[in-house]
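A.B. asks: Pasting in a structure now, in structure tokens, and then I'll have a few things to ask.
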Amino acid sequence: MYKNILIPIAPDHEGTLMESVAVARALADEDAKLTVLSVVEMAASYVMAEVPLTAFDNSRDEVEAQMKEVLHEDSHIDLKVLLGHPPMIINDTAQEDGCDLIVIRSHKPGLADWFLGSTASRVVRHAGCSVHVIR
């Protein structure tokens with residue numbers, strides 16, 4: 001069983017949050033730490049010059065409010081909403097927080113995923129800990 005689990009959730013998939021939390025709890029030790037992470041993706045650098053950072057701060061605040069609403073202020077779950085490139089932020093956070101498991105959702109791959117890869121596949125390739133993929 002795992003003691004420190006990271007549960008990344010895409011900002012637009014808050015409806016799947018509780019299912020992911022349930023899977024994490026099933027894999028967790030009784031006193032495990034659970035952290036939900038949502039990453040608001042930053043735009044390409046050539047776009048960033050035109051977009052004020054407050055727009056991303058507002059997006060982060062909106063995502064945090066949505067996630068808190070779904071979690072119902074569950075005191076046993078930490079919540080982080082960060083800005084950046086999701087696969088990199090997920091793996092960096094897992095390493096920095098000493099996570100021993102990442103529980104991440106995946107979807108049926110589309111054409112773009114065959115060329116670029118999905119977030120879940122990039123997390124799996126570069127993770128420094130075990131990864132449980134929910135399909």
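Rule-based calculations on the coordinates, nothing more; no lab input. Because the structure is a prediction, the values reported are computed rather than measured. In this analysis, Cβ positions are derived from the backbone assuming ideal geometry, glycine residues included, and neighbour counts consider all displayed protein chains.
A.B. asks: Karplus couplings for the stretch 36-42 from phi (6.51 cos²θ - 1.76 cosθ + 1.60, θ = phi - 60°), rounded to Hz, Gly and Pro as x?
C.D. replies: Couplings: 8, 10, 10, 10, 7, 6, 7 Hz.
A.B. asks: Let me ask you something else. Can you give me the long-range amide H partners of HIS85? Hydrogens built in the peptide plane at 1.01 Å from N, cutoff under 5 Å, separation of 5 or more residues or another chain.
C.D. replies: MET42
A.B. asks: Starting from the amide H of HIS132, placed 1.01 Å from N in the peptide plane, find each other amide H under 5 Å away whose residue is 5 or more places distant or on another chain.
C.D. replies: When sequence neighbours closer than 5 places are left aside, the close amide H contacts are ILE102, VAL103, ILE104.
A.B. asks: Here is a further query. Between GLN95 and HIS72, what is the spin-label point distance in nm, taking each point 7 Å from the Cα along the Cα→C-beta axis?
C.D. replies: Spacing of the two 7 Å Cα→Cβ label points: 3.7 nm.
A.B. asks: Now for a separate question. Would you kindly state how much longer the chain becomes between GLU62 and ALA26 on full extension, computed as 0.36 nm times their sequence separation minus their alpha carbon distance, in nm to one decimal?
C.D. replies: This chain segment gains 10.1 nm when fully extended.
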